[in-house]
Protein chains: 2
Amino acid sequence: MGRKKIEIKLVKNIEARYVTFSKRRKGLFKKASELSILCGARVGLLGFSPSGKPFAFGSPSFQVVIDEYLHEGGVETFENGEIGNLNEELKDLKKEIKVEDKKIEEVDKGIIPTDLSLEELQKVKTSLKELQGEIEAASSLLLLAKKPVFIIQG
Amino acid sequence: MGRKKIEIKLVKNIEARYVTFSKRRKGLFKKASELSILCGARVGLLGFSPSGKPFAFGSPSFQVVIDEYLHEGGVETFENGEIGNLNEELKDLKKEIKVEDKKIEEVDKGIIPTDLSLEELQKVKTSLKELQGEIEAASSLLLLAKKPVFIIQG
DNA sequence: CTCACTATCTATAACAA
DNA sequence: TTTGTTATAGATAGTGA
């Protein structure tokens, strides 16, 4: 999406890193907004910049997402017993991913040979990261669903 | 980004809506993941599908974002007094946006004439939605910063 | 950190399965 | 709700201010 294809890994140059962050955060907000409007979904986003500054986004609002989570997105969303099963599945997935992650690391270091091109390897790594993110988040949701939940002091 | 340019508004056909949701959620996760990896940012995402099913994503993990928010992203991020000022600014911005929103609605209904092309109008509307999302979220962050915060029961 | 420019790379709308 | 294909619309890397 730019003058050149880039690898998805930490941008070394700090200045360039901030520029990239600024541009892509904007892009992410836009995507989140579009998803919400096009599909009637609700999306909340919370994060921290490279320098540790918080940023957030919500559509139709951040608060709506929190409220929906508190009132409907928690325990009631899952059938009885379902949570335990899902947790087991997630545990297995995490194990598998850990194995794959280690494998890739060793390929990277040349310890293990591979038939994959650098480009293909990059894709695998990126996919793995995404999967990790989803699984991790799913775990968190399940955890929160089991032990309710975010409480907002007020 | 597809065969045709589309307006950013609720997809009428429900089947198509779900397809769009499925694809764009995937895209959003990818963008969030890339932002995190490229810039060393932490990103957490929580939302609900059109049908009310929760989804979440985190990079490097959902939990990391929550933890950082609890420990560093809250009150300490803002200087004393800064919060009050920011809240005032946000209040003003919200008012302005409300006005603009109403204006656009009336333009849509033909009550107010406009020199803008449909395309330009669409852009303005989309930008406004994004701005709303950011401002709303900023408000939430400030609110949470003032009245600390998410508490995770355990 | 933001803004503008523009050559390229990517995400995705429409369609079918 | 998910997946694959293909033509396009849209995002963004590199660069300079």
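Points worth noting:
- Flag: residue A:7 matches the condition of being at pLDDT 75 or above, within 11 Å of DNA strand C (Cβ to nearest atom) and more than 7 Å from every other protein chain (Cβ to nearest Cβ).
- Selection of first residues in the range B:3-19 that are more than 17 Å from residue B:48 (Cα to Cα) and of second residues that are more than 6 Å from DNA strand D (Cβ to nearest atom), restricted to Cβ pairs under 6 Å at least 6 apart or on distinct chains, gives the following pairs, ordered by first then second residue: B:7/B:122; B:8/A:34; B:8/A:37; B:8/B:126.
- Cβ separations smaller than 8 Å between residues 6+ apart or across chains give the following pairs from the range A:94-111 residues that are more than 16 Å from residue A:123 (Cα to Cα) to residues that are part of a helix (DSSP H, G or I): A:94/A:135; A:94/A:139.
- Cross-chain or 6+ apart pairs with Cβ under 8 Å, the range B:36-58 first and more than 7 Å from chain A (Cβ to nearest Cβ), then part of a strand (DSSP E or B) and of a type in the set (S, T, N, Q): B:36/B:59
- Within the range A:38-57, the set of residues being more than 16 Å from the chain's Cα centre (by Cα), assigned to a strand (DSSP E or B) and crowded, with 24+ Cβ neighbours inside 10 Å comprises A:42 only.
The values are calculated or read from the model by the stated rules, or taken from the named source; none is laboratory data. What you see is a predicted model, and the numbers here were worked out from it, not measured in a lab. Neighbour counts run over all protein chains shown; Cβ positions are idealised from the backbone, glycine included.
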